[in-house]
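S.K.: The structure is given below, and queries will be raised subsequently.
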């Protein structure tokens with residue numbers, strides 16, 4: 001059985017293995033044990049209330065209970081940009097006009113922006129390639145929405161997610177080559193890594209403060225502005241199906257899109273049900289996949305089951321109830337995994 005739970009220090013080696021598999025572009029999962037250990041420590045300090053909101057963050061793991069192996073991670077930052085700057089580009093427009101010459105020209109521009117300062121952020125989503133099956137990817141990603149729905153008061157109203165931008169088979173970003181490289185004079189992977197481990201001061205020191213005219217960039221760089229990496233497209237479609245949308249902000253390194261929503265508008269907030277648990281040893285009809293969460297803050301657990309819901313009760317096996325650390329009569333939060341009448345296939 002697969003379960004979602006908070007990450008703990010005992011997961012460090014497995015998470016480090018995942019970081020090595022994630023490749024260039026996932027800045028929040030650096031291949032650095034000290035940085036990863038700090039993330040685990042921060043999760044635990046967040047749960048026990050030892051951190052200010054500006055420092056809080058959650059890291060969840062997908063664990064195979066049979067092998068005790070962590071095969072995926074996902075995260076939520078509570079409020080970005082309050083202790084160190086949070087940068088992106090806003091894709092805007094400037095109009096140049098001359099009545100005398102009968103010229104009217106609207107040009108796309110990139111403005112360095114801090115407009116998402118204070119927002120909560122979905123981050124650090126990665127699933128071991130060997131486990132990209134059996135709806136594990138959807139489960140790993142969407143379980144975060146269940147946590148957000150249960151504990152809205154612990155997050156900001158605005159929720160964002162930065163999508164990994166396009167890079168070629170060599171791990172090189174045409175956007176970085178055309179723009180960032182000229183200001184930073186370092187390889188894309190190096191700048192990406194430094195940002196991922198928290199060394200972001202150089203961004204403020206070196207990035208251009210004036211608008212960048214998109215038309216002055218090479219065509220290959222223009223083409224990837226707001227474009228998600230091919231491997232990230234399914235995750236982007238999934239988040240969009242949950243109520244998040246692109247609003248014209250892109251990453252300053254690879255120009256990947258940032259999507260956003262107000263938390264109260266998420267599907268998990270609007271549509272999740274509260275059902276009473278009945279424990280049974282009967283075989284249940286395996287008709288529809290549902291996310292089931294225990295809604296316990298410090299001992300959060302979520303599982304994915306296939307069942308049929310009728311009335312106000314949810315029938316679980318003893319194994320499923322044990323995985324959720326609940327008993328008969330407890331109330332759980334339940335949400336259909338798939339959006340009705342939509343095909344958002346992932347993994």
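The values are calculated or read from the model by the stated rules, or taken from the named source; none is laboratory data. Owing to the predicted nature of the structure, the values given are computational and were not obtained by experimental measurement. Cβ sites come from the backbone with ideal geometry, for glycine too, and all protein chains shown count toward neighbours.
S.K.: Of (1) in contact with a strand residue (DSSP E or B) (Cβ under 7 Å, 6 or more places away or on another chain); (2) more than 30 Å from residue 145 (Cβ to Cβ), residue 87 satisfies all except one. Which?
M.R.: Failed condition: (2).
S.K.: Is it the case that some residue within the range 290-308 is surrounded by fewer than 20 Cβ atoms within 10 Å (Cβ to Cβ), farther than 15 Å from residue 139 by Cβ and at pLDDT below 95?
M.R.: Yes: one or more hits.
S.K.: Which residues, counting only those in the range 32-48, are free of Cβ contacts under 8 Å to residues at least 24 places away in the same chain and either within 29 Å of residue 318 (Cα to Cα) or surrounded by fewer than 16 Cβ atoms within 10 Å (Cβ to Cβ) (or both)?
M.R.: Hits for the range 32-48 are 33, 34, 38, 45.
S.K.: Against the conditions (1) surrounded by 13 or more Cβ atoms within 10 Å (Cβ to Cβ); (2) farther than 24 Å from residue 232 by Cβ; (3) at pLDDT below 95, where does residue 256 fall short? Just the number, please.
M.R.: Status for residue 256: all satisfied but (2).
S.K.: Could you tell me how many of the residues in the range 81-98 are part of a loop (DSSP other than H, G, I, E, B) and touching a residue at least 60 places away in the same chain (Cβ under 8 Å)?
M.R.: Applying the first criterion (part of a loop (DSSP other than H, G, I, E, B)) to the range 81-98 yields 81-87.
Now narrow it down to the ones that are touching a residue at least 60 places away in the same chain (Cβ under 8 Å): 84-85, 87.
So the answer is 3.
S.K.: Hey, among 101, 51, 29, which residue is assigned to a loop (DSSP other than H, G, I, E, B), free of Cβ contacts under 8 Å to residues at least 12 places away in the same chain and in the same structural domain as residue 192 (by TED's automatic domain parsing)?
M.R.: One residue alone meets the criteria, 51.
S.K.: Report, by residue number, each residue of the range 104-128 that is within 24 Å of the chain's Cα centre (by Cα) and either in a loop (DSSP other than H, G, I, E, B) or under 24 Å from residue 214 (Cα atoms) (or both).
M.R.: Kept after step one, since they are within 24 Å of the chain's Cα centre (by Cα), are these residues of the range 104-128: 110-128.
Residues satisfying the conditions are 110, 111, 112, 113, 114, 115, 116, 117, 118, 119, 128.
S.K.: Here's something else I'd like to know. If you scan the range 278-303, which residues turn out to be assigned to a loop (DSSP other than H, G, I, E, B), in contact (Cβ under 8 Å) with a residue 40 or more places away in the chain and either farther than 20 Å from residue 61 by Cα or touching a strand residue (DSSP E or B) at 6+ places or on another chain (Cβ under 7 Å) (or both)?
M.R.: Those that are assigned to a loop (DSSP other than H, G, I, E, B), in contact (Cβ under 8 Å) with a residue 40 or more places away in the chain and either farther than 20 Å from residue 61 by Cα or touching a strand residue (DSSP E or B) at 6+ places or on another chain (Cβ under 7 Å) (or both): 295, 300.
S.K.: Okay, moving on. Anything in the range 310-329 that is surrounded by fewer than 16 Cβ atoms within 10 Å (Cβ to Cβ) and over 18 Å from residue 64 (Cβ atoms)? List them, or say none.
M.R.: Within the range 310-329, 310, 311, 312, 313, 318, 327, 328, 329 qualify.
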